[in-house]
Amino acid sequence: MYYGQQAKYFIIRQINRNITEEMTAKGIFFFKKKEKTGQAGINQRNVRKIQMLEQDIERVLFSEEELDRRVNELAEQINRDYEGKEITLISVLRGSFVFMADLTRKIKGHCTVDFMSVSSYGKGTISSGQVQITKDLSDEIENRHVIVVEDILDSGNTLGYLLKVLAQRHPASIRLCTLLDKPDRRVKPITADYCGFTIPDAFVVGYGLDYAERYRNLPYIGILKPEVYTKS
Ligand code: PRP
(Lines give C-alpha, C1' and ligand atoms only; values in the text may rest on other atoms or scores of the structure.)
Protein backbone atom coordinates (compact mmCIF):
# COMPACT_ATOMS: atom_id res chain seq x y z
CA MET A 1 0.00 0.00 0.00
CA TYR A 2 2.74 2.45 1.09
CA TYR A 3 4.96 1.56 -1.87
CA GLY A 4 1.91 1.68 -4.14
CA GLN A 5 1.16 5.28 -3.03
CA GLN A 6 4.78 6.31 -3.48
CA ALA A 7 4.79 4.86 -6.96
CA LYS A 8 1.53 6.71 -7.76
CA TYR A 9 2.95 10.07 -6.61
CA PHE A 10 6.19 9.37 -8.50
CA ILE A 11 4.24 8.84 -11.71
CA ILE A 12 2.13 12.01 -11.15
CA ARG A 13 5.30 14.09 -10.42
CA GLN A 14 6.93 12.68 -13.53
CA ILE A 15 3.91 13.55 -15.70
CA ASN A 16 3.84 17.11 -14.21
CA ARG A 17 7.57 17.52 -14.84
CA ASN A 18 7.18 16.39 -18.44
CA ILE A 19 4.30 18.82 -19.00
CA THR A 20 6.30 21.64 -17.39
CA GLU A 21 9.40 20.93 -19.50
CA GLU A 22 7.34 20.72 -22.65
CA MET A 23 5.53 24.02 -21.94
CA THR A 24 8.77 25.78 -21.00
CA ALA A 25 10.35 24.57 -24.25
CA LYS A 26 7.38 26.06 -26.13
CA GLY A 27 7.85 29.38 -24.31
CA ILE A 28 4.78 28.91 -22.12
CA PHE A 29 5.61 29.99 -18.58
CA PHE A 30 3.53 29.59 -15.52
CA PHE A 31 4.32 30.74 -12.00
CA LYS A 32 3.94 29.09 -8.67
CA LYS A 33 1.59 30.80 -6.19
CA LYS A 34 4.56 32.15 -4.18
CA GLU A 35 6.02 33.96 -7.22
CA LYS A 36 2.71 35.65 -7.99
CA THR A 37 2.86 37.56 -4.70
CA GLY A 38 6.59 38.25 -5.14
CA GLN A 39 8.32 41.11 -6.98
CA ALA A 40 5.78 41.20 -9.83
CA GLY A 41 2.89 41.62 -7.38
CA ILE A 42 4.65 44.44 -5.50
CA ASN A 43 5.35 46.31 -8.73
CA GLN A 44 1.72 46.14 -9.72
CA ARG A 45 0.66 47.55 -6.36
CA ASN A 46 3.20 50.40 -6.71
CA VAL A 47 1.95 51.21 -10.19
CA ARG A 48 -1.58 51.49 -8.80
CA LYS A 49 -0.38 53.88 -6.05
CA ILE A 50 1.47 56.08 -8.57
CA GLN A 51 -1.65 56.20 -10.74
CA MET A 52 -3.68 57.33 -7.71
CA LEU A 53 -1.11 60.05 -7.02
CA GLU A 54 -1.29 61.24 -10.61
CA GLN A 55 -5.08 61.35 -10.54
CA ASP A 56 -4.78 64.39 -8.27
CA ILE A 57 -2.77 66.31 -10.85
CA GLU A 58 -4.68 68.64 -13.17
CA ARG A 59 -1.79 69.02 -15.61
CA VAL A 60 1.98 68.78 -15.83
CA LEU A 61 3.57 72.22 -15.72
CA PHE A 62 7.22 71.19 -16.13
CA SER A 63 8.25 67.72 -17.22
CA GLU A 64 11.35 65.91 -15.96
CA GLU A 65 13.18 66.87 -19.16
CA GLU A 66 12.24 70.56 -18.89
CA LEU A 67 13.34 70.63 -15.26
CA ASP A 68 16.64 68.98 -16.08
CA ARG A 69 17.34 71.41 -18.91
CA ARG A 70 16.56 74.47 -16.78
CA VAL A 71 18.54 73.24 -13.77
CA ASN A 72 21.49 72.75 -16.12
CA GLU A 73 21.19 76.34 -17.34
CA LEU A 74 21.00 77.69 -13.78
CA ALA A 75 24.07 75.71 -12.78
CA GLU A 76 26.00 76.96 -15.80
CA GLN A 77 25.11 80.54 -14.86
CA ILE A 78 26.26 79.93 -11.26
CA ASN A 79 29.46 78.23 -12.47
CA ARG A 80 30.27 81.29 -14.60
CA ASP A 81 29.43 83.83 -11.84
CA TYR A 82 31.43 82.06 -9.14
CA GLU A 83 34.43 80.91 -11.17
CA GLY A 84 37.41 80.60 -8.81
CA LYS A 85 35.23 81.04 -5.72
CA GLU A 86 34.07 78.41 -3.29
CA ILE A 87 30.38 78.56 -2.53
CA THR A 88 28.08 77.32 0.21
CA LEU A 89 24.73 76.10 -1.01
CA ILE A 90 22.03 76.33 1.62
CA SER A 91 18.97 74.21 1.01
CA VAL A 92 15.79 75.41 2.64
CA LEU A 93 14.03 72.22 3.66
CA ARG A 94 12.02 70.48 2.95
CA GLY A 95 10.73 71.60 -0.44
CA SER A 96 14.10 72.30 -2.03
CA PHE A 97 15.73 68.94 -1.39
CA VAL A 98 15.22 67.57 -4.92
CA PHE A 99 16.24 70.79 -6.68
CA MET A 100 19.23 71.12 -4.34
CA ALA A 101 20.40 67.58 -5.09
CA ASP A 102 20.17 68.12 -8.85
CA LEU A 103 21.71 71.60 -8.81
CA THR A 104 24.60 70.61 -6.52
CA ARG A 105 25.67 67.83 -8.86
CA LYS A 106 26.04 70.32 -11.70
CA ILE A 107 28.29 72.74 -9.79
CA LYS A 108 31.80 72.47 -11.18
CA GLY A 109 33.94 74.13 -8.49
CA HIS A 110 34.39 73.35 -4.81
CA CYS A 111 31.27 73.89 -2.75
CA THR A 112 29.88 72.98 0.62
CA VAL A 113 26.25 72.24 1.42
CA ASP A 114 24.18 72.99 4.47
CA PHE A 115 20.52 72.69 5.37
CA MET A 116 18.04 74.81 7.16
CA SER A 117 14.43 74.09 7.93
CA VAL A 118 11.95 76.90 7.89
CA SER A 119 8.21 76.60 7.85
CA SER A 120 5.41 79.08 7.38
CA TYR A 121 2.70 77.04 5.71
CA GLY A 122 2.00 74.07 7.96
CA LYS A 123 -0.71 71.97 6.29
CA GLY A 124 -2.44 74.94 4.66
CA THR A 125 -1.97 76.52 1.24
CA ILE A 126 -1.51 80.16 2.30
CA SER A 127 1.58 81.45 4.12
CA SER A 128 0.79 82.25 7.72
CA GLY A 129 3.51 84.92 7.68
CA GLN A 130 4.84 83.43 10.92
CA VAL A 131 8.24 82.02 9.96
CA GLN A 132 9.79 79.44 12.20
CA ILE A 133 13.35 78.09 12.03
CA THR A 134 12.90 74.43 12.87
CA LYS A 135 16.51 73.46 12.03
CA ASP A 136 19.43 75.86 11.85
CA LEU A 137 22.62 75.53 9.79
CA SER A 138 25.32 73.14 10.99
CA ASP A 139 28.23 75.44 10.03
CA GLU A 140 29.16 79.11 10.24
CA ILE A 141 28.75 81.11 7.04
CA GLU A 142 31.00 84.05 7.93
CA ASN A 143 33.10 85.07 4.87
CA ARG A 144 31.47 82.38 2.74
CA HIS A 145 29.81 82.98 -0.63
CA VAL A 146 26.32 81.78 0.13
CA ILE A 147 23.58 80.77 -2.27
CA VAL A 148 20.21 80.06 -0.68
CA VAL A 149 18.46 77.34 -2.70
CA GLU A 150 14.67 77.40 -2.61
CA ASP A 151 11.97 75.48 -4.42
CA ILE A 152 9.50 78.36 -4.57
CA LEU A 153 9.34 82.06 -3.88
CA ASP A 154 5.74 82.93 -3.13
CA SER A 155 4.68 85.66 -0.67
CA GLY A 156 8.35 86.25 0.13
CA ASN A 157 7.68 85.95 3.87
CA THR A 158 10.01 82.99 4.33
CA LEU A 159 12.90 84.38 2.32
CA GLY A 160 12.44 87.92 3.58
CA TYR A 161 12.99 86.60 7.08
CA LEU A 162 15.64 84.06 6.18
CA LEU A 163 17.84 86.36 4.11
CA LYS A 164 17.80 88.92 6.94
CA VAL A 165 18.82 86.29 9.51
CA LEU A 166 21.62 84.95 7.28
CA ALA A 167 22.95 88.42 6.39
CA GLN A 168 23.48 89.07 10.10
CA ARG A 169 26.01 86.21 10.11
CA HIS A 170 28.34 88.22 7.81
CA PRO A 171 28.74 86.02 4.72
CA ALA A 172 31.08 87.33 1.99
CA SER A 173 28.04 87.45 -0.28
CA ILE A 174 24.53 86.09 -0.32
CA ARG A 175 22.28 85.30 -3.28
CA LEU A 176 19.01 83.56 -3.79
CA CYS A 177 18.36 80.78 -6.27
CA THR A 178 14.76 79.67 -6.59
CA LEU A 179 13.41 77.08 -8.96
CA LEU A 180 9.96 78.68 -9.13
CA ASP A 181 8.79 82.25 -8.67
CA LYS A 182 5.15 83.26 -8.19
CA PRO A 183 5.35 87.07 -8.39
CA ASP A 184 1.54 87.51 -8.29
CA ARG A 185 1.49 86.49 -4.64
CA ARG A 186 4.40 88.60 -3.44
CA VAL A 187 3.92 90.46 -0.16
CA LYS A 188 7.59 91.17 0.65
CA PRO A 189 9.85 92.83 -1.99
CA ILE A 190 12.14 89.84 -2.54
CA THR A 191 13.82 89.21 -5.90
CA ALA A 192 15.69 86.06 -6.81
CA ASP A 193 19.18 86.30 -8.32
CA TYR A 194 18.64 83.00 -10.13
CA CYS A 195 15.18 81.84 -11.10
CA GLY A 196 14.17 78.67 -12.92
CA PHE A 197 10.62 79.52 -13.97
CA THR A 198 8.11 82.27 -13.31
CA ILE A 199 4.75 80.63 -12.78
CA PRO A 200 1.10 81.68 -12.45
CA ASP A 201 -0.78 81.58 -9.17
CA ALA A 202 -1.66 77.88 -9.16
CA PHE A 203 -1.03 75.27 -6.49
CA VAL A 204 1.98 73.32 -7.70
CA VAL A 205 3.39 70.08 -6.36
CA GLY A 206 6.10 67.57 -7.18
CA TYR A 207 9.89 67.67 -7.54
CA GLY A 208 10.07 68.36 -3.79
CA LEU A 209 7.02 70.59 -3.48
CA ASP A 210 4.19 69.31 -1.33
CA TYR A 211 0.62 69.64 -0.32
CA ALA A 212 0.21 68.47 3.30
CA GLU A 213 3.60 66.68 2.97
CA ARG A 214 2.43 64.61 -0.03
CA TYR A 215 3.36 64.68 -3.73
CA ARG A 216 7.04 65.59 -3.10
CA ASN A 217 8.02 62.35 -4.85
CA LEU A 218 6.49 63.24 -8.22
CA PRO A 219 9.39 63.55 -10.68
CA TYR A 220 7.76 66.52 -12.47
CA ILE A 221 5.98 69.68 -11.36
CA GLY A 222 2.23 69.59 -11.74
CA ILE A 223 -0.78 71.67 -10.85
CA LEU A 224 -2.83 70.09 -8.10
CA LYS A 225 -6.57 69.71 -8.71
CA PRO A 226 -8.35 72.28 -6.53
CA GLU A 227 -10.73 69.65 -5.12
CA VAL A 228 -7.76 67.97 -3.44
CA TYR A 229 -7.00 70.95 -1.20
CA THR A 230 -10.54 72.31 -0.86
CA LYS A 231 -12.10 69.07 0.40
CA SER A 232 -10.08 68.95 3.67
C1 PRP B 1 7.56 76.69 1.02
C2 PRP B 1 8.81 76.87 0.20
C3 PRP B 1 9.39 78.16 0.73
C4 PRP B 1 8.17 78.93 1.16
C5 PRP B 1 7.90 80.00 0.16
O6 PRP B 1 7.92 76.12 2.23
O7 PRP B 1 9.70 75.82 0.35
O8 PRP B 1 10.24 77.93 1.81
O9 PRP B 1 7.07 78.00 1.20
O10 PRP B 1 6.72 80.67 0.47
P11 PRP B 1 6.68 82.21 0.86
O12 PRP B 1 7.45 82.95 -0.20
O13 PRP B 1 5.20 82.52 0.79
O14 PRP B 1 7.22 82.38 2.22
P15 PRP B 1 6.85 75.43 3.24
O16 PRP B 1 6.61 76.34 4.40
O17 PRP B 1 5.65 74.99 2.46
O18 PRP B 1 7.64 74.18 3.76
P19 PRP B 1 8.35 73.00 2.95
O20 PRP B 1 9.55 73.58 2.29
O21 PRP B 1 8.69 72.00 4.00
O22 PRP B 1 7.38 72.44 1.93
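The values are calculated or read from the model by the stated rules, or taken from the named source; none is laboratory data. On a predicted model such as this, the values are computed, not experimentally measured, just so you know. FYI the Cβ positions are ideal-geometry reconstructions off the backbone, even for glycines, and counts take in every protein chain you see.
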(request) Could you tell me whether TYR220 is farther than 20 Å from VAL113 by Cβ, more than 10 Å from the ligand (Cβ to nearest atom) and surrounded by fewer than 19 Cβ atoms within 10 Å (Cβ to Cβ)? (result) yes
(request) Residues being at pLDDT below 95 and within 18 Å of TYR211 (Cα to Cα): count how many of those fall in region 132-156. (result) 2
(message) Quick check on my filter: what residues within region 136-168 are of a type in the set (S, T, N, Q) and exposed (fewer than 15 other Cβ atoms within 10 Å of the Cβ)?
(response) SER138, ASN143, GLN168
(message) Any residue that is exposed (fewer than 15 other Cβ atoms within 10 Å of the Cβ) and touching a Phe, Trp or Tyr at 6+ places or on another chain (Cβ under 9 Å) - is there at least one of those in region 202-212?
(response) yes
(request) Take LYS188 and decide whether it is of a type in the set (Lys, Arg) and under 18 Å from VAL204 (Cβ atoms). (result) no
(message) Restricting to region 76-123, name every residue that is in a loop (DSSP other than H, G, I, E, B), more than 12 Å from the ligand (Cβ to nearest atom) and not aliphatic (A, V, I, L, M).
(response) TYR82, GLU83, GLY84, LYS85, GLU86, ARG105, LYS106, LYS108, GLY109, HIS110
